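Here the structure comes first, spelled out in structure tokens, and everything after it is commentary.
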Amino acid sequence: DSGVTQTPKHLITATGQRVTLRCSPRSGDLSVYWYQQSLDQGLQFLIQYYNGEERAKGNILERFSAQQFPDLHSELNLSSLELGDSALYFCASSDPSGRNTYNEQFFGPGTRLTVL
Amino acid sequence: QKEVEQDPGPLSVPEGAIVSLNCTYSNSAFQYFMWYRQYSRKGPELLMYTYSSGNKEDGRFTAQVDKSSKYISLFIRDSQPSDSATYLCAMTQRRVTGGGNKLTFGTGTQLKVEL
């Protein structure tokens, strides 16, 4: 168990709908990362938050948005869903305080999104 | 062209075999190289990481990085059925204090170790 939790585990919805995925990082971790894993593209970085602020953006669609709250949990919002958004969405957290030589990212179990 | 290329497999080997998994990359700014293991329907977990070029050994696992060739490898000795999983290489640029850094992943190699 990595200590990162994600809810829900599975989500089935229809095209055009909006969903929210939730992530709770490991205790003490300030950075949260969101990744999308699809069969054809592999694991791709979407966005990173550090202590409530957006820190880096990857190939995140404009229909997707995220935020990190004061208690450090994060939510990824996906709207106007399309069939191609069906994927596994992972959240990872790290402690970039400098205590570790490498900022290892610990991954949650993922949310499997199916868009019908 | 993708920044990180990895043969997706699947790779099937008998128990006890030595397994070699490889990735190539194009971005010379990458300095940290990692191997993650992902079991079916689970999140990736870090197996090993190396900084810059060289070898690193941890039990049955050895990671190699050749920055001049932009090539990294993971060797698994005495492979076990429990090693059956997808292995993902990942890379990142220098560590950013106070922020961390995004990971760039290969597509993963599916490994099956058979009895």
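For chains A and B, what's the summed buried accessible area, probe 1.4 Å, to the nearest 100 square angstrom?
In total, chains A and B hide about 2000 Å² from solvent.
Of all accessible surface on chain A at a 1.4 Å probe, what whole percent is carbon and sulfur?
The computed percentage sits at 47.
For chain A, what does the accessible surface come to per residue with a 1.4 Å probe? Please give it in Å².
Heavy-atom SASA per residue in chain A reads 47 Å².
So what J values fall out for region B:101-114 if you push phi through Karplus, 6.51 cos²θ - 1.76 cosθ + 1.60 with θ = phi - 60°, rounded to Hz, Gly and Pro as x?
8, 5, 9, 10, 9, x, 6, x, 10, 7, 10, 10, 9, 9
In a shell of Cβ-Cβ distance under 14 Å around A:Val19, excluding A:Val19 itself, what net charge do Lys and Arg (+1) and Asp and Glu (-1) give?
Within the 14 Å Cβ shell, the charges total +2.
Can you list the HN-Hα couplings for region A:71-86, worked out from phi with the Karplus curve (6.51, -1.76, 1.60; θ = phi - 60°), rounded to whole Hz and with x for Gly and Pro?
Values, residue by residue: 7, 6, 6, 10, 10, 10, 9, 10, 10, 6, 4, 10, 4, x, 7, 4 Hz.
Output the pairs from B:Lys67/B:Lys102; B:Lys70/B:Lys112; A:Lys9/B:Lys2 with a Cα-Cα distance over 23 Å in this structure; if there are none, say none.
In this structure, B:Lys70/B:Lys112; A:Lys9/B:Lys2 lie more than 23 Å apart at Cα.
Note every residue of region A:29-53 with a reduction of at least 10 square angstrom in accessible area, all protein chains present versus the isolated chain, computed with a 1.4 Å probe, or write none.
Buried by the other chains: A:Tyr33, A:Tyr35, A:Gln37, A:Asp40, A:Gln41, A:Gly42, A:Leu43, A:Phe45, A:Gln48, A:Tyr50.
What residues qualify as long-range amide H neighbours of B:Thr107, i.e. H under 5 Å apart, gap of 5 or more or another chain, H built at 1.01 Å from N?
B:Gln6
I'd like the antiparallel share, as a percent to the nearest 5, of DSSP beta bridges with both residues in the protein assembly as shown.
Roughly 90 percent of the DSSP beta bridges within the protein assembly as shown come out antiparallel.
Residue by residue, what Karplus-based ³J(HN,Hα) values in Hz, rounded to whole numbers, does region B:19-27 have, using 6.51, -1.76 and 1.60 with θ = phi - 60° and x for Gly and Pro?
10, 10, 10, 9, 9, 10, 9, 10, 8
How many Å² of accessible area per residue for chain B, probe 1.4 Å?
Result: 49 Å² per residue.
Cα-based Rg (one decimal) and Dmax (whole number) for chain A, in Å?
For chain A, the Cα-based Rg and Dmax read 13.7, 45 Å.
Once neighbouring chains are kept in place and the probe is 1.4 Å, which whole percent of the accessible area of region B:25-110 is contributed by carbon and sulfur?
The C+S portion of the solvent-accessible surface of region B:25-110 is 42 percent.
The values are calculated or read from the model by the stated rules, or taken from the named source; none is laboratory data. Not measured: the values here are computed from a predicted model. Every residue, glycine as well, gets a Cβ built from its backbone with ideal geometry; the counts of neighbours run over all protein chains shown. Remember, those area values only see protein heavy atoms, side chains included, never the ligands or the DNA or RNA. Shrake-Rupley method; radii C 1.70, N 1.55, O 1.52, S 1.80 Å.
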